[in-house]
Amino acid sequence: MAEVMIHASGLSGHAEEEHRPLRVIHVMVPGVIQIPGDVSVGEAARLMHKEHAPCVLIKDTETKTGIITHTDIVYKVVAQGLNPDDIQSRRVMSRPVQSIEFDRPVEEVTAMMASSGLPFLIVTKHNLPVGILMAQDLLAPSKISRSHIQATVKTYNEKPEGVAHPAVITQLSHRGAFVETDAPMPAGARVTLEFLLPGAPSPIAVETTVMGRPEAGQVSGLGKPKPQGGVAVQFTDVSLAGLSQISAWILRSLRKQEGTS
């Protein structure tokens, strides 16, 4: 069985040294699983499950590295009818590895994620992996941005295929949104919300649960006063790529609203 290395060393003291601006080290998750290229995909998958990791770094040679994600395993192995225990990790790893240095400003992360749609980045220190930065690590739960984004909502009644209705997103966070629509949206209903963020490479489809229509002045489940006429929805299933796009867009939007960009 291959040796597994989880790197998270050499970081003490930096969090106290760097207060402004917010740096990658302040929001990353320390530790990266790294394995040799001859380890099977099956073992890599078990390690990811055990460590709750979004990816595994593959060190094939001293100069050749790659990465395996859940998507790589599903599309390159399982969907092809292959046995994960018979396939070496080097055969399905993706290259190049997208990374960012631990001391870079968080704004650089959001720009990278927004342009590439990546759900996470490997954090390095002097080119050695020391952590992972996920899209959801970039935002506090209270961050919510005013918006006017065209969308569609698909409601599910008795028909499993659902019925699509036009909508406008008036506020957006990485946990939910306020939606203006004429569609029937009773509290507790399951709704699919689809929208395209300005500058994003592809539309985002999110499974949501309707939180209801609070009266004007009440505080919604998203932690903000609800605009009259809107309905609050909470995200229940959003892809990591979609979450990356949403997080990056909100941070840029908030900076514009605050006059800091």
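The values are calculated or read from the model by the stated rules, or taken from the named source; none is laboratory data. The structure presented is a predicted model; accordingly, all values stated were derived computationally and were not measured. With ideal geometry, Cβ positions are generated from the backbone for all residues, glycine too; neighbour counts draw on all protein chains shown. Accessible surface is based on the protein model in full, side chains and every heavy atom, while ligands, DNA and RNA are left aside. Shrake-Rupley method; radii C 1.70, N 1.55, O 1.52, S 1.80 Å.
Please calculate how many Å² of accessible area the stretch 29-148 carries per residue, with a 1.4 Å probe and no DNA, RNA or ligand atoms counted. Write out the running numbers ahead of the final one.
On the way: 5960 Å² over 120 residues.
Per-residue value: 50 Å².
Using the Karplus curve 6.51 cos²θ - 1.76 cosθ + 1.60 with θ = phi - 60°, what ³J(HN,Hα) values do you get for each residue of the stretch 42-59, in whole Hz, with x for Gly and Pro?
Residue by residue, the stretch 42-59 yields x, 5, 4, 5, 5, 5, 4, 5, 5, 8, 6, 9, x, 6, 10, 7, 10, 9 Hz.
Which of the peptides 191-204, 113-126, 71-84 is most tightly packed, and how do the rest follow, going by the mean number of other Cβ atoms within 10 Å of each residue?
Working: 191-204: 16.5, 113-126: 19.4, 71-84: 14.1.
Top to bottom by mean Cβ count within 10 Å: 113-126, 191-204, 71-84.
Tell me which GluC sites (Glu not before Pro) from the stretch 28-109 have a DSSP coil assignment and no more than 13 other beta carbons within 10 Å of their own.
Details: sites: 43, 51, 62, 101, 107, 108; in loops: 62.
In loop regions of the stretch 28-109 (DSSP not H, G, I, E or B), the sparsely surrounded GluC sites (Glu not before Pro) are 62.
Please list 182, 60, 237 in order of solvent-accessible area, largest first, computed with a 1.4 Å probe with all protein chains present. Display every interim value, and only then the final one.
Details: 182 155, 60 30, 237 95 Å².
Result of the area sort, largest leading: 182, 237, 60.
From the C-alpha coordinates alone, can you work out the Kirkwood hydrodynamic radius of the stretch 26-117, in Å? List each step's numbers first, then the result.
Numbers: mean 1/r = 0.0706 Å⁻¹.
Across the stretch 26-117, the inverse of the average 1/r is 14.2 Å.
What residues have an amide H closer than 5 Å to that of residue 130, excluding those fewer than 5 places away on the same chain, when H is modeled at 1.01 Å from N in the peptide plane?
Counting only residues 5 or more places away or on other chains, the set is 123, 124, 125.
Going from most exposed to least, what order do 137, 86 have by accessible area with a 1.4 Å probe?
On the way: 137 45, 86 110 Å².
Correct descending sequence by accessible area is 86, 137.
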